[in-house]
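Peer 1: Dropping the structure in here first, questions after.
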Amino acid sequence: MLPDAQGLEGLAAIRAVRPRTSVAVVSSRDDPAVIRRAIAMGARGFLSKTAPLGDMVSAIGVLLAGERWLPPALLEPVEPSAEGRAAARVGELSSAQLRVLRAMADGRQNKQIAWDLPLAEPTVKSHLATIFRKLEVLNRTQATLALRMFDGLGEAA
């Protein structure tokens, strides 16, 4: 709930800019689904703001030592779903690609997207081909589902 990022958008942005940097999420929402999504998106740890101070200090020590830290109830391995992996990749899109994806997800045809975003129609087609490749999806429907899931991550965190 940052003023300039909703939910896990901040994590996606950091991972896009610095993919090798270890990132831990600190949140007041310690819902297991949110934690699993954060880990699927590349977070090395998750610290709940409701955890006792001693637990937070221990968790930070573990993270600084290069290890992964999760709340004890979630220590089993988490394998992200195909949808979760695609949603995590939405954060890797450029701003132009994200605008095209959002317009496409709103049901606009390529010609309409080109008009609305002042782009040439071949540029829109090129962006869509790159989006499909980056998200590892085959069509507009799958790309839209990945975007909706990504947006849902923002609402859940």
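Peer 1: Specify the residue that is farthest from S22 (Cα to Cα); the eligible residues are those in the stretch 37-53 that are in a helix (DSSP H, G or I) and open to solvent by 10 Å² or more (accessible area, probe 1.4 Å).
Peer 2: My answer is L53.
Peer 1: Which one of these does A88 not meet: (1) modelled with pLDDT of 85 or more; (2) in a helix (DSSP H, G or I)?
Peer 2: (1)
Peer 1: Which residue pairs have Cβ atoms under 6 Å apart, sit 6 or more places apart or on different chains, and have a first residue in the stretch 37-54 that is closer than 24 Å to V90 by Cβ and a second that is surrounded by fewer than 20 Cβ atoms within 10 Å (Cβ to Cβ) and of a type in the set (S, T, N, Q)?
Peer 2: R44/S22
Peer 1: On to the next question. Find all pairs meeting these conditions: Cβ atoms under 7 angstrom apart; at least six residues apart or on different chains; first residue within the stretch 84-97 and closer than 9 Å to L147 by Cα; second residue modelled with pLDDT of 85 or more.
Peer 2: Hits for this filter: A86/L135; A86/E136; A86/V137; A86/A146; A87/A146; V90/L135; V90/A146; V90/L147.
Peer 1: Just one of the numbered conditions (1) surrounded by fewer than 17 Cβ atoms within 10 Å (Cβ to Cβ); (2) among the small types (G, A, S); (3) in contact with an Asp or Glu (Cβ under 9 Å, 6 or more places away or on another chain) is not true of A33; which one?
Peer 2: It is condition (3) that A33 fails.
Peer 1: Sticking with this structure for a sec: Can you pull out the residues in the stretch 24-36 that are in a strand (DSSP E or B), touching a residue at least 24 places away in the same chain (Cβ under 8 Å) and aliphatic (A, V, I, L, M)?
Peer 2: Answer for the stretch 24-36, where residues must be in a strand (DSSP E or B), touching a residue at least 24 places away in the same chain (Cβ under 8 Å) and aliphatic (A, V, I, L, M): A24, V25.
Peer 1: If you check R85 against the conditions, is it farther than 21 Å from V25 by Cα, surrounded by 15 or more Cβ atoms within 10 Å (Cβ to Cβ) and among the basic types (K, R)?
Peer 2: Numbers: farther than 21 Å from V25 by Cα: no; surrounded by 15 or more Cβ atoms within 10 Å (Cβ to Cβ): yes; among the basic types (K, R): yes.
It is false that R85 is farther than 21 Å from V25 by Cα, surrounded by 15 or more Cβ atoms within 10 Å (Cβ to Cβ) and among the basic types (K, R).
The values are calculated or read from the model by the stated rules, or taken from the named source; none is laboratory data. Because the structure is predicted, anything quoted here is derived from the model rather than measured. Note: ideal-geometry Cβ built from the backbone for every residue, glycine included; neighbour counts use all protein chains shown. Accessible surface is based on the protein model in full, side chains and every heavy atom, while ligands, DNA and RNA are left aside. Shrake-Rupley method; radii C 1.70, N 1.55, O 1.52, S 1.80 Å.
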